[in-house]
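Structure first, then comments.
Please treat every number below as a calculation from the coordinates, not as lab data. Because the structure is a prediction, the values reported are computed rather than measured. Quick reminder, even Gly has a Cβ in these numbers, built from the backbone with ideal geometry, and neighbours come from all protein chains shown.
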Amino acid sequence: MPVLGVTGGIATGKSSFTGLLLRHLPAELFDADQAVHDLLADDRAIRQAVVETFDTAVCDAAGNPDRVKLRALVFDDEAKRRQLERILHPAIRARWSARAAETGRTGGWFVVDIPLLFETQAEASFDRIIVVACSPLTQRRRLAEQRGLSAGLAEKIITAQLDLATKINHANHVIWNDSTLPCLERQSRLLAGWLHRARA
């Protein structure tokens, strides 16, 4: 059962590409960003660990961890970011590893959309690694226009991630997402075709 890792940088278009790829490649999907949402919303042990580590200043009015407050806090302080990663990353890896094993018994494809694949040293867990990349200018423009992030916060998030050039150098496949959605769709279709032929 091939396990595919889709990664890249913030705002390079990983999720858009993954959605298009799944139109041409029947596969189970694990979205690491969604897993973070789910853990902070539904996992009592994770919520408790976050509050105990960062205090109630990172909570919303209901007393639950607030992602916006957490983001602002941890990207202002690398030590705090590492603390949050130590809470979240093992739980996320356990979830997608279990799903991959379960899907493997059916012989299907399994795709993990995981922004910090290289940063968490997860390369050995994947049969193929796909990096979705774009130019730095496009990346920063998307963060401002689509996500409403300040230039300062955008820069801190980009700097906290492994640089795109290094990720590209360690990828099996590179998708360049600096153009239009039809261009991204064509790349997804071409890659899906290659994957099907390689497995045949």
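Where does helix 136-145 land angle-wise versus the long Cα axis of the chain, in degrees 0 to 90, nearest 10?
Between helix and principal axis, roughly 60 degrees.
Compute the relative contact order of segment 3-199 as a whole-number percentage, counting only Cα pairs closer than 8 Å that sit 6 or more residues apart in sequence.
Answer for segment 3-199 is 38 percent.
Give the order of H89, H196 when sorted by the count of other beta carbons within 10 angstrom, beginning with the fewest.
H196, H89
Check which residues have an amide H placed less than 5 Å from G8's amide H, if you skip close sequence neighbours.
Correct list: L117, V132.
May I ask for the Rg/Rh ratio of segment 3-199, computed from Cα atoms with Rh as the Kirkwood radius, given to two decimals?
Expressed as Rg/Rh, it is 0.97.
How long is the gain from A72 to D33 if the chain were fully straight, where each residue apart is worth 0.36 nm and the alpha carbon distance is subtracted?
12.4 nm
I need D38, D31 ordered by Cβ neighbour count within 10 Å, fewest first.
Ranked by crowding around the Cβ, least crowded first: D38, D31.
In nm, to one decimal, how far is the R186 label point from the R95 one, both placed 7 Å along Cα→Cβ?
That separation, rounded to one decimal, is 3.6 nm.
Which whole-Hz couplings ³J(HN,Hα) result when phi for each residue of segment 58-70 is put into the Karplus expression 6.51 cos²θ - 1.76 cosθ + 1.60, θ = phi - 60°, listed in order with x for Gly and Pro?
Values, residue by residue: 9, 9, 8, 5, 8, x, 9, x, 9, 5, 5, 5, 4 Hz.
Magnitude of the Cβ-charge dipole of the chain, K/R +1 and D/E -1, about the Cα centre, nearest 20 debye?
For the chain, the charge dipole is close to 540 debye.
Comparing V112, V50, V68, which has the greatest mean-square fluctuation in the GNM of the chain with Cα pairs linked when under 10 Å apart?
V68
Sequence-distant or interchain residues sharing an amide H contact under 5 Å with N177, placed H: which?
For N177, whose amide H was placed from the backbone, the distant partners under 5 Å are A133, C134.
Given the options A72, V174, A45, identify the residue whose Cα lies farthest towards the positive end of the charge dipole of the chain (+1 on Cβ of Lys, Arg; -1 on Cβ of Asp, Glu).
Result: V174.
Quick one: how many lysine pairs in the chain have C-alpha atoms under 21 angstrom apart, if they're 8 or more apart or on different chains?
Count of close lysine pairs: 6.
How large is ³J(HN,Hα) for each residue in segment 88-97, as worked out from phi by the Karplus curve 6.51 cos²θ - 1.76 cosθ + 1.60 (θ = phi - 60°), to whole Hz, x for Gly and Pro?
8, 4, x, 5, 5, 4, 4, 5, 6, 5
Using only Cα atoms, tell me the angle between helix 151-160 and the longest principal axis of the chain; keep it within 0 to 90° and round to the nearest 10.
With both axes taken from Cα atoms, the answer is about 70 degrees.
For the chain, what does the helix formula give at 222 nm: sum of -39500 (n - 2.57) over DSSP H segments with n ≥ 4, over the residue count, nearest 500 deg cm²/dmol?
Helix contribution divided over all residues of the chain: -17500 deg cm²/dmol.
For a quick check: sort S135, S125 by the number of other beta carbons within 10 angstrom, fewest at the front.
Listed from fewest to most nearby Cβ atoms, that is S135, S125.
Given the C-alpha centroids of segment 97-111 and segment 21-47, what is the distance between them in whole angstrom?
About 15 Å separates the Cα centre of segment 97-111 from the one of segment 21-47.
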